[in-house]
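Colleague: The structure follows.
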Amino acid sequence: MRVNSSLAAAILVLGLSATCAMADTYTTANFSFGVNGGNANSKPPFRGVIAPWPAGGTFTGSLVFDNNLVPGGGSGLQNVFFSSFADIGAIPPATALSLTFSGLPAFTLADAQFGEAAIQYNNGVFAGLFYISDFNYLGNPYELQIQGGSLDIVPIVNGFPTFQHLVNGFVSGPLTNEQSYTPPPPTVGGVPEPSTWAMMILGFCGLGFMAYRRKSKPALMTA
């Protein structure tokens with residue numbers, strides 16, 4: 001069987017083009033989160049620290065979402081985990097997700113328990129987050145809990161979070177300031193780039209074709 005090298009090259013190029021076309025696309029966006037007003041929603045030691053008291057306060061967080069994974073309309077409540085992003089390994093944790101209260105250090109994807117968090121959608125529309133992070137404040141352990149549109153801070157006692165809500169707040173949409181985002185290329189050393197792979201494969205095809213020609217030529221001469 002004779003192999004057409006031009007046809008093989010064309011098939012290879014089409015395959016690489018299809019792979020590029022199927023690559024996930026990403027968007028950065030901002031969302032609102034904050035503390036509800038009133039004594040019951042802001043208790044010591046956080047009262048008046050992370051937000052003006054008693055009026056509460058609103059802050060702006062940021063995230064990256066995978067356009068290919070946004071659920072469609074009519075899908076109900078869906079959690080899309082950051083770990084399911086095809087390129088999450090290349091996206092810096094502080095870019096993937098960041099929440100900054102006044103008076104507290106920033107919370108990022110890297111601070112999440114088990115390094116995992118999720119974006120929650122309701123019928124394809126941003127509806128909040130799933131995020132849990134332990135932190136220390138004034139020498140004591142606490143836990144930030146976000147489930148959908150609800151945000152709470154509770155103390156940790158004997159290694160376990162309690163049900164004593166010291167801060168009650170919210171996470172809300174809609175997403176704003178949406179901008180296209182391209183993850184930085186992976187920095188894995190020694191791995192050829194796609195173009196290099198393509199040249200190598202074409203080279204192997206060429207060597208195989210030349211070997212076939214050499215093998216078939218004596219057979220033709222003796223025929």
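Colleague: Mind pulling the per residue volume of the convex hull built on the Cα atoms of the stretch 78-170? Å³ is fine. Mind showing how you got there, number by number?
Modeller: Details: hull volume 10.2 nm³, N = 93.
Spread over its residues, the Cα hull of the stretch 78-170 gives 110 Å³ apiece.
Colleague: Let me ask another. Cα gyration tensor of the stretch 26-181, axes a ≥ b ≥ c as square roots of the eigenvalues: rounded (a/c below 1.5), prolate (a/b > b/c) or oblate?
Modeller: On the way: a/c = 1.88, a/b = 1.60, b/c = 1.18.
Verdict is prolate for the stretch 26-181.
Read the figures in this text as sums done on the coordinates, not as results from a lab. Since the structure is predicted, the reported quantities are computational estimates derived from the model, not experimental observations.
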